[in-house]
Amino acid sequence: MHFDLADLRIFVHVAEARSLTAGASRAHLSTAAVSGRIKTLEQQLDSRLFYRSAQGVELTPAGERLLRHARLILRQVERVKSDFSAYADGASGHLRIFANTTAVIEFMPEVLAEFLATRPGVTVDLQERMTSDIIRGVLDGTADMGILGIMVGMEVPPRLRSLPFSRDRLVLATPWEHPLATREAVTFEDALDFPHVGLHEGSTLFHFLQVKALELGLPLPVRIQVFGFESACRMIEAGVGVGIIPESCALRYQASMKLQVRHLGDAWAYRERTLLIRDEGVLPGCAQELLDTILSGEMGPLGAPPASLS
């Protein structure tokens, strides 16, 4: 048995008005249309719902029973709409975001702290993933959005939409007294002659640098691996090795640590910080709000290119 919600609403209008004409007016339909819908409903239920007379209509026992059910059903539908309207307008909801190391460690904590402060009904699952996993997760719907660095020549699958929101690049950080610190031009290959301070095994940046070293036919000479760019910079400052890190965090830690920072001459060192979403479908309200907030540049330095190195 199939119930049409529109038919139930029409039935309730007629029952409460005790008139087909008045019920039709409430439903913004013609009297003939309403009469036809009531007859269809009676046929589906195999029950007479109204006694008709010149004075109007009166509910039959079957009609009385249906009116109780119809009111409960329509009330529940309104509750469902009310509950989900909060999700639609971004006031509530749950987001799953797959992001690269830089996003997870460097700027998303501040972005999310500010975003969530005014949205107590929103929860977020932020997971650090490899670039390939970020793309796959957004493609198959495991993640609502992805955040990664798009390198020169990197292509995004056609079913995804990439939305750049700021620029960054990878640089070489060295101890204050280091042979590479005096050079005007430095490449990643030059840096492979020295021990490296790297991030943990599961980080996207560590994996990316391993691949680039292999492309040169050289190993990545890792001396120590740490969690986070601040720990990496402290190790570099102490003379443990050199490190490849994003320029934005290199400049920040250089202000309080004795580090030398040099641009890399490699084309892949330049990156577009990019939001990745599915090309089809609609984002949850809270996800769309976060996306709009990041793209608008309201989070301050995210929207601007990094400052030049001295």
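Here, each number is a calculation from the coordinates, and none is a lab measurement. Every value quoted in this text rests on a predicted model; they were computed, and no experiment measured them. Here the Cβ is made from the backbone with ideal geometry for all residues, glycine too, and neighbour counts use every protein chain on show.
Couple of notes before you dig in:
- Footprinting exposure proxy for 261, 34, 80 (fewest neighbouring C-beta atoms within 10 Å first): 80, 261, 34
- The value of relative contact order for the chain, using C-alpha pairs under 8 Å at least six residues apart, is 21 percent.
- Placing unit charges on the Cβ atoms only, positive for Lys and Arg and negative for Asp and Glu, gives region 5-88 a dipole magnitude near 80 debye about its Cα centre.
- Proxy reagent accessibility, fewest Cβ within 10 Å first, across 161, 68: 68, 161
- One chain, two ends: residue 43 and residue 30. Fully extended at 0.36 nm per residue, the span grows by 2.7 nm beyond their Cα-Cα distance.
- ³J(HN,Hα), Karplus 6.51/-1.76/1.60, whole Hz, each residue of region 251-258, x for Gly, Pro: 5, 5, 6, 5, 5, 10, 10, 7
- Residue exposure sequence - 268, 176 - by fewest surrounding Cβ within 10 Å: 176, 268
- Label positions at residue 159 and residue 116, each projected 7 Å from the Cα along the C-beta direction, are separated by 3.0 nm.
- If you run the Gaussian network model on the chain, springs between alpha carbon atoms under 10 Å, then out of 202, 93, 285 the most flexible one is 202.
- Most mobile listed residue (149, 297, 23) in the chain, GNM with C-alpha springs under 10 Å: 23
- Separation in nanometres of the label points that stand 7 Å from Cα toward Cβ, at residue 193 and residue 224: 2.4 nm
- Relative contact order of region 168-269, pairs being alpha-carbon contacts under 8 Å that are 6 or more residues apart, as %: 48 percent
- The charge dipole of the chain, taken about its Cα centre with unit charges on the Cβ atoms of Lys, Arg (+1), Asp and Glu (-1) only, comes to about 1380 debye.
- Net charge dipole size for region 134-197 [Lys, Arg +1 and Asp, Glu -1 on Cβ; Debye, nearest 20]: 380 debye
- Expressed to the nearest 5 percent, the antiparallel share of DSSP beta bridges inside region 168-269 is 60 percent.
- For semi-axes √(5λ) of the Cα gyration tensor in Å, calculated from these coordinates, the label among (1) 34, 24, 18; (2) 44, 21, 18; (3) 65, 17, 15: (3)
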